[in-house]
Amino acid sequence: MGSPALIFLKHNIIYLKVFIIFFLSCVPNGTNLCPNHSLATLKVQRPPRLNSTNIVSSLETLGLDGYFSFENNHHAAKDFGNMYHFLPSAVLHPKSVQDISNTIRHIYEMGSASELTVAARGHGHSTQGQAQAHQGVVINMESLQRLEMQVHTGKTPYVDVSGGELWINILHETLKHGLAPKSWTDYLHLTVGGTLSNAGISGQAFQHGPQIRNVYQLEVVTGKGEVVTCSEKKNTDLFYGVLGGLGQFGIITRARISLGPAPKMVKWIRVLYSDFSIFTKDQEQLISSENSFDYIEGFTIINRTGLLNNWRSSFRPKDPVQANRFSSDGRTLYCLEVVKHFNPDDTKTVNQSIENLLSKLSYIPSTLFLSEVSYVEFLDRVHVSEKKLQAKGLWEIPHPWLNLFVPKSRISDFAEEIFGNILTDTSNGPILIYPVNQSKWNNKSSLVTPDEDVFYLVAFLTSAMPSSTGTDGLAHILTQNKRILDFCATAELGIKQYLPHYKTEEEWQAHFGPRWKVFVQRKSAYDPLAILAPGLRIFRKAIRTS
C-alpha cells in the first residue's frame with residue numbers, strides 16, 4: 001500500500017486539468033539554450049563581451065518606474081514543471097509598459113556586446129523551463145496586473161486587461177457586469193499573455209474556439225523594444241503572429257478580450273464508456289450539434305479502483321443502486337464530461353434540454369453522475385484541488401506533461417496503441433481527450449494544428465513523485481512520453497504538439513511545416529536579434545563572429 005501522500009495525490013490528480021494552457025515548451029539539456037539557427041551572422045570583428053558586472057551596471061542605469069532585482073532570484077529559475085532551473089542575471093519587476101520597452105530596447109541596442117536574452121514570466125506555470133532565461137533577464141509580468149481593467153458593455157462587449165492579469169481576476173471583474181470571456185483554460189490562475197502566446201484551450205473550444213480566437217486587439221512590445229498596438233485591421237501580421245506565437249515576436253502587455261453573457265449556474269455531468277469508438281462517436285456528435293452542451297471534454301481512466309466512489313463528494317449518481325453495482329477495477333474506461341449553463345429561472349427548460357441530449361448518447365446508464373454548482377465554482381474547480389495538494393506538499397513536484405493534437409481520422413489508431421500497449425495505468429495523472437472543430441479556430445495565427453476539420457486534444461497531465469525509481473518516477477514517465485511520440489512518428493499519424501517541445505531546428509521546421517518560412521520571416525521582422533523567449537530553443541541570439 002502506498003504512503004498517505006501518494007494515495008492523496010492519486011485520488012485528487014484526476015481533477016487537475018490545467019490544459020492549456022501553460023506557456024511555451026522546450027527545454028535545453030544544458031546551458032547552451034538554442035540550436036544553430038541564427039537570424040543574422042555578420043562576418044566582422046567581434047567586439048568585447050560585457051561581463052556580468054558590466055551587465056548589472058548597464059541595467060542599473062535605466063530609469064524605470066519599477067525595478068530590477070539582481071540577487072535571490074531563484075524563484076525565476078523554477079516553474080510548475082519543476083524539472084529545469086536556469087538562473088537569470090536579473091529579474092525586472094515592471095510597473096509600466098515603458099519599463100519593459102526600455103529594457104528590451106536597451107538590450108537590443110547592446111547588440112552583440114551582450115548575450116542577454118529576455119523571457120516573460122507570468123504565474124510560473126511553464127512546464128519545461130520556457131519562461132526562464134539563463135543568465136538573461138526574466139520579466140515578472142504580474143507586476144503589471146494592477147493596471148485597471150476596463151469592461152465595455154454594449155452590442156459587442158469586451159474587457160481591456162494587462163498581459164500580466166490572471167484569468168480568475170478577469171472572471172470576477174467581468175461578472176460584476178453580467179459578462180465573462182467566452183473561452184477558458186481548465187485552470188484560471190494563469191496570465192493573459194501566457195495563454196494567448198499558446199492558444200488557451202478548454203471544453204468551450206469546440207464552440208468558441210481557443211482564447212486566441214476571442215481577442216480583438218493587443219498591445220505588444222517587440223524584440224526591438226517597440227510598443228505596437230495591433231488587431232485584425234491594424235498591424236495585422238504582428239497580431240496574428242503573436243497569437244499562438246510562443247512569445248517569439250513580442251511580449252503581450254495588454255489585450256482586448258471578447259465577452260458574452262455570463263450564466264449564474266451550471267449542470268455538471270459525467271458518464272462512462274467502455275468502448276472507445278462509441279465514446280468518440282458521441283463526442284463528435286455533440287460538438288457538431290447546433291444546440292449542444294456548453295462545455296465538452298473527456299478523459300481516459302485505466303485501472304482506477306473505486307472511481308465512482310471518488311466522485312461522490314462532488315457528484316450524485318442518478319441511479320444510486322445501479323452505480324453501487326458498477327465496478328471500474330482493471331478496466332479501461334472513457335469519461336465524457338459535459339456542462340450546461342443556466343440561470344435559476346431556466347431550470348425546467350435546461351433539464352429538458354439535457355435529457356434530450358443525453359437520450360442520444362450511448363454511455364453506460366449506471367454511470368450517470370450529476371452536480372449543480374455556480375459558474376465560478378465550475379470554472380475555478382482545479383484551484384480547489386491545487387490548494388489541497390499544496391497543503392500536502394504535493395503540488396511542487398515534477399510535471400512532465402505531454403499535449404498533442406491528433407487528427408480525427410487517426411484517433412482510433414492512436415488510442416489502440418497508447419491505451420492498449422504503452423500505458424498500463426493512469427494513476428500518475430489525468431489523460432484528457434476531446435475533439436474540437438477546426439472551423440472555430442483561426443488558421444491565420446501562429447498556432448499549428450493537424451490538417452483536418454476535426455482533431456482531438458490529448459493531454460497527458462502526469463505528476464512524478466520525487467526520488468521515485470518506479471512507474472511514478474520522472475525517468476519512467478519521460479521514457480513513456482518518448483514511446484508515445486516515437487509511435488506517432490513511426491505510424492505517421494500527423495499529430496502536432498501543443499505547447500511544443502523540440503531540441504533541434506529540424507524538429508521545429510517539421511512542426512511548422514510549410515508555415516516555417518513565415519515564422520522565420522516574422523522573427524526577423526519583430527525580433528531580429530532573437531532576444532525573446534530563449535527557452536524554446538527555436539532561434540539563437542544573433543551574434544557577430546570573426
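The values are calculated or read from the model by the stated rules, or taken from the named source; none is laboratory data. From a predicted model like this one, the values you see are computed outputs, not experimental measurements. Don't worry about glycine lacking a Cβ; one is built from the backbone with ideal geometry, like all the others, and counts go over all protein chains shown. The accessibility values were calculated without ligands, DNA or RNA, using every heavy atom of the protein model including side chains. Shrake-Rupley method; radii C 1.70, N 1.55, O 1.52, S 1.80 Å.
Tabulated data
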item: Vicinal HN-Hα couplings computed from phi for segment 479-494 (Karplus, 6.51 cos²θ - 1.76 cosθ + 1.60; Hz; Gly/Pro x); result: 5, 5, 4, 5, 4, 5, 5, 4, 5, 4, 6, 5, 7, 6, 6, x
item: Å² per residue, accessible surface of the chain at 1.4 Å; result: 40
item: Segment 411-475, relative contact order in percent, only Cα pairs under 8 angstrom and at least six apart counted; result: 34
item: Residues whose placed amide H lies under 5 Å from that of Thr191, excluding near-sequence neighbours; result: His123
item: Most to least packed among 71-77, 332-338 [average Cβ atoms within 10 Å]; result: 332-338, 71-77
item: Listed peptides 281-290, 234-243, 426-435 by packing density, highest first (mean Cβ within 10 Å); result: 426-435, 234-243, 281-290
item: Listed pairs Lys482/Lys517; Lys408/Lys444; Lys233/Lys541; Lys517/Lys541; Lys182/Lys388 exceeding 20 Å between Cα atoms; result: Lys482/Lys517; Lys408/Lys444; Lys233/Lys541; Lys182/Lys388
item: Mean-position separation - Cα centroids, segment 283-299 and segment 477-546, in angstrom; result: 32
item: Shape call, segment 217-343: gyration tensor on alpha carbons, a/c limit 1.5; result: prolate
item: Theoretical ellipticity at 222 nm over the chain - DSSP helices of four or more residues, -39500 (n - 2.57) apiece, nearest 500; result: -8000 deg cm²/dmol
item: Peptide ranges 247-258, 391-402 listed from the most packed, as the mean C-beta count within 10 angstrom indicates; result: 247-258, 391-402
item: Residues Glu506 and Ser58, FRET efficiency given R0 of 30 Å [Cβ-Cβ distance, rounded to 0.05]; result: 0.25
item: Amide H within-cut-off set for Ser362, under 5 Å, with H built and near neighbours excluded; result: none
item: Phi-based couplings in Hz for segment 509-523 (Karplus 6.51, -1.76, 1.60; Gly and Pro marked x); result: 4, 5, 4, 7, x, x, 8, 4, 4, 5, 4, 5, 4, 5, 4
item: For segment 67-195, share of DSSP beta bridges that run antiparallel, in % to the nearest 5; result: 50
item: Segment 150-261: C-alpha pair distances exceeding 23 Å, %; result: 21
item: Cα-projected label distance for Asp451 with Thr229, points at 7 Å along beta-carbon direction, nm; result: 3.9
item: DSSP-defined antiparallel bridges as percent of all bridges, the chain, nearest 5; result: 90
item: Interchain or long-range residues, amide H under 5 Å from Leu532's placed H; result: Val118
item: Table column - 3J(HN,Hα) (Hz), segment 169-179, Karplus curve with 6.51, -1.76, 1.60, x for Gly and Pro; result: 6, 5, 4, 5, 6, 6, 5, 4, 10, x, 10
item: Under 18 Å from Lys348, Cα to Cα: aspartates and glutamates that are on another chain or at least 8 residues apart; result: Asp294, Glu372
item: Percentage relative contact order, the chain, counting C-alpha pairs under 8 Å, at least six apart; result: 23
item: Net charge of Cβ neighbours under 14 Å - reference Gly124; Lys, Arg +1; Asp, Glu -1; result: -2
